[in-house]
1. Enumerate the strands (runs of 3 or more DSSP E) found wholly within region 327-407, keeping only those where 2 or more residues are aliphatic (A, V, I, L, M).
2. What number of residues in region 6-48 are part of a loop (DSSP other than H, G, I, E, B), over 30 Å from Ser335 (Cα atoms) and in contact with a strand residue (DSSP E or B) (Cβ under 6 Å, 6 or more places away or on another chain)?
3. Filter region 57-110 for residues that are among the polar types (S, T, N, Q), closer than 18 Å to Pro45 by Cα and in a strand (DSSP E or B) and give the result.
4. Take Ala306 and decide whether it is touching a residue at least 60 places away in the same chain (Cβ under 8 Å) and either among the aliphatic types (A, V, I, L, M) or part of a helix (DSSP H, G or I) (or both).
5. Could you give me the residue pairs with C-beta distances under 7 Å whose first residue belongs to region 48-73 and is modelled with pLDDT of 95 or more, whose second residue is of a type in the set (Lys, Arg) and within 11 Å of the ligand (Cβ to nearest atom) wherever it lies, and which are 6+ apart or on separate chains?
6. Just the residues that are more than 9 Å from the ligand (Cβ to nearest atom), closer than 19 Å to Lys339 by Cα and surrounded by fewer than 20 Cβ atoms within 10 Å (Cβ to Cβ), please, taken from region 32-87.
7. Is there a residue in region 252-262 that is closer than 24 Å to Ile330 by Cβ, among the small types (Gly, Ala, Ser) and either touching a Lys or Arg at 6+ places or on another chain (Cβ under 9 Å) or modelled with pLDDT of 95 or more (or both)?
8. Among what's in region 126-157 and is polar (S, T, N, Q) and in a loop (DSSP other than H, G, I, E, B), pick the residue that is farthest from Leu91 (Cα to Cα).
Amino acid sequence: MTAPVPADVLSRLKAVLGPDGWSQDPDRLAPKLVEWRDRWFGSTPLLLLPRTVEEVSAVVGVCAESRTPITPQGGNTGLVAGQIPQGEVLLSLERLRRIRDVETFDDVITVEAGVPLAVVHEAAAAAGRRFPLSLASEGTATVGGLISTNAGGTAVLRYGPMRDLVLGLEAVLPNGEVFHGLKRLRKDNTGYDLKQLLIGAEGTLGVITAASLKLFPVLASRAVAFVGVESPRAAVDLLKHAKEASGGAVETFEIIARLGIDLALRHIPDTREPLEGPHPWYVLIEIAHAEPGASEAALERLLAAAFDKGLVCDAAIAQSGAQAKMFWKIREEQSAAQKPEGKGWKHDVSVPISKVARFIDEASTAIQRFAPGCRVLAFGHVGDGNIHFNVLQPEGGDGAAFDAQREAAARVVHDITASFDGSISAEHGLGAMKTDEALRYKSSAEVEALRAVRGALDPHRIMNPRVLF
Ligand SMILES: Cc1cc2nc3c(=O)[nH]c(=O)nc-3n(C[C@H](O)[C@H](O)[C@H](O)COP(=O)(O)OP(=O)(O)OC[C@H]3O[C@@H](n4cnc5c(N)ncnc54)[C@H](O)[C@@H]3O)c2cc1C
């Protein structure tokens with residue numbers, strides 16, 4: 001827990017933002033002090049609600065001078081507790097919500113940090129363009145949070161994570177100075193890239209206030225299929241086949257274990273069995289092309305060839321927008337479908353795509369040996385080698401006893417991940433939750449270099465002090 005913030009510092013921060021620029025109202029604060037799954041609870045002496053980059057700069061300046069720790073927060077959808085303050089001042093970006101500019105010649109949209117991702121999608125579409133990053137939390141997750149966690153989602157396979165989609169940033173550095181880096185250059189080779197350091201920094205190197213993001217053409221045709229497969233090996237072989245056969249048109253390739261379908265049918269309204277018979281594993285595949293009508297025919301050809309190769313047990317191509325939505329719902333509601341099932345150990349890991357199948361087999365065997373009766377629910381972005389390797393408590397079992405084994409279970413899964421040259425956090429970041437664990441797998445040379453960078457920019461460690469190295 002962070003040391004109490006002195007009353008005179010709180011008064012100075014309030015004075016900078018004026019009477020409606022802050023809050024200490026418990027009802028206003030409450031939703032910002034608990035994370036989505038009710039796993040982490042926090043506290044703060046003061047919620048700061050700046051409206052402009054100048055106001056962010058002024059409050060960070062006061063904090064720098066008084067060495068007062070700050071936790072930045074966007075949409076509060078982070079899954080590793082980085083946005084939940086433990087006594088720090090809470091700096092919300094919720095009022096920095098302007099779309100500053102959409103420039104279709106440069107294919108760039110410039111937006112403020114508090115804009116939710118879904119609003120970026122709408123603004124891009126209104127200009128006849130597309131911003132491809134997509135994830136289940138997009139109605140709430142903000143541009144600042146997505147950049148700070150280098151978010152991934154379902155279109156990384158074709159467009160990359162947030163790191164690949166940012167052209168420029170505006171940010172307030174830990175000393176309160178503004179970094180005016182809202183460039184829209186596709187090439188800028190002038191030494192160290194401060195923007196890239198801030199991406200994925202989880203609020204430890206400054207507060208992002210705006211970003212220039214890459215836009216893409218709207219693809220005229222799109223087709224989505226639900227496919228039943230025998231095993232993760234078959235899924236990975238199907239991915240390889242789909243990438244080759246489609247010439248790079250695969251946008252999404254997601255795997256779901258059968259248990260994930262059962263739980264979606266049990267807990268998520270308006271979902272139906274996607275295929276006739278049950279299958280051990282499923283794949284959601286979406287492809288997109290510029291030519292109208294091209295995708296459905298291409299997906300049909302691709303799946304027919306996959307049947308011939310014995311990679312697929314059954315498949316259904318969505319015949320309507322409603323059916324495509326239902327397929328997507330089963331995938332996007334996987335986390336929500338697991339919530340009512342009690343406690344779960346969640347691991348957001350990545351391994352090279354070629355090793356995904358072996359990883360799932362090995363990790364499943366090891367975790368079932370570690371906790372007999374547990375329910376393995378692996379799902380996620382297999383096209384990126386990113387598996388959400390979730391393990392649910394035994395049905396009707398003791399949730400508290402299961403929860404108590406969380407750390408030891410993570411060690412089992414993460415050691416296997418490391419042995420496959422993988423990462424223990426593929427897309428959610430480290431936050432306050434996984435930093436110690438990550439230190440086990442990083443070399444001292446890397447950690448020392450990273451700490452030196454942080455120390456140079458933030459010598460008093462005021463920015464998100466509980467997060468990262
Ligand atoms: C249902 C669900 C599905 C999800 N699916 C995915 C997925 O597919 N892929 C994925 O990558 N993530 C996923 N997430 C996780 C989450 O949505 C992302 O981590 C997202 O990027 C967080 O954005 P946010 O605005 O909510 O940030 P917050 O949760 O508010 O903050 C996240 C981190 O960023 C820092 N931060 C926030 N804003 C700023 C800022 N302006 N400047 C500096 N630091 C800042 C915070 O201090 C914190 O460390 C999912 C979450 C949920 C609940």
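1. 375-381, 386-392
2. So the answer is 1.
3. Thr71, Gln73, Gln86, Ser92
4. Yes, satisfied.
5. Going by the 7 Å Cβ cut-off, the qualifying pairs are Gln73/Lys32.
6. Val34, Asp38, Arg39, Phe41
7. Scanning region 252-262, I find at least one residue that is closer than 24 Å to Ile330 by Cβ, among the small types (Gly, Ala, Ser) and either touching a Lys or Arg at 6+ places or on another chain (Cβ under 9 Å) or modelled with pLDDT of 95 or more (or both), so the answer is yes.
8. Thr154
The values are calculated or read from the model by the stated rules, or taken from the named source; none is laboratory data. If you're wondering where the values come from, they're calculated on a predicted model, not measured in any experiment. All Cβ positions, even for glycine, are placed from backbone atoms using ideal geometry, and neighbour counts span all protein chains on display. All accessible areas refer to the heavy atoms of the entire protein, side chains included, with ligands and DNA or RNA removed. Shrake-Rupley method; radii C 1.70, N 1.55, O 1.52, S 1.80 Å.
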